[in-house]
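Report on the following structure.
Nothing in this text is a laboratory measurement; each read-out follows from the coordinates by a stated rule. This structure is a prediction, so every number in the text was calculated from the model and none was measured. Don't worry about glycine lacking a Cβ; one is built from the backbone with ideal geometry, like all the others, and counts go over all protein chains shown.
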Amino acid sequence: MKTIASFQVNHDVLQKGFYISRVDGDVVTYDLRMKTPNQGDYLSDSQMHTIEHLYATFARNSARSPEVVYVGPMGCRTGFYFLVRDSLSHEDALRLTLESLRFIAAFQGEIPGSKRRECGNYLDHDLPGAQAVAKGMIPILEGWSPEKMAYER
């Protein structure tokens, strides 16, 4: 079998940030890397779950909603994939992600989709933990640009 693209990224040099993972037709996959790989510090399941609910809810309720395809966690627990239509520029994808992180950092109240009938693991959330991760990513992405979105090889 061929090695898939995400396994060809050098995880020994990968840092926190926002990267273009791949382009498939009109869909662009971004890599929102929230933890440095293989350093022993990973997102907890409950942090990831809460970030997923809030990031997806915010992005899918934004003005760019028609261009949002998917928001989901990486199995390695170091970040998220954000899939959008290519009609959304790299700058706008970054801007929407940064706005989503600010939303998570400031969020108060009931986590969207966290009722038993709405979620298959509704009790597994960590809002304070998710907010801490979001707050840590905001200054990183504020200094980010499309020129930094290529993986280091």
Study note, to complete from the structure: For the chain, the Cα-Cα pair-distance distribution in 10 Å bins from 0, as whole percents, is 11, 42, 36, 11, 0
Point to revise | Ranked packing of 50-58, 80-88, most packed first, by mean Cβ within 10 Å | key: 50-58, 80-88
Practice item. For the chain, set up a Gaussian network in which alpha carbons nearer than 10 Å are linked by springs, and say which option among M74, M137, M34 fluctuates the most. Key: M74
Exercise for review: Let me have the 222 nm mean residue ellipticity of the chain computed from DSSP H runs of 4+ only, each contributing -39500 (n - 2.57), with the sum over all residues rounded to the nearest 500.
Suggested key: -10500 deg cm²/dmol
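Please report how many Lys pairs in the chain have alpha carbons closer than 23 angstrom, counting only residues at least 8 apart along the chain or sitting on separate chains.
On the way: K16/K35; K16/K135; K16/K148; K35/K135; K35/K148; K135/K148.
For the chain, the number of qualifying lysine pairs is 6.
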Exercise for review: Can you list which of the GluC sites (Glu not before Pro) found in the range 79-127 are DSSP loop residues with at most 16 other C-beta atoms within 10 Å?
Suggested key: E110
Review point. In whole angstrom, how long is each semi-axis of the equivalent ellipsoid of the range 47-129, when you take the square root of 5 times every eigenvalue of its Cα gyration tensor and sort them from largest down?
Key: 22, 13, 13
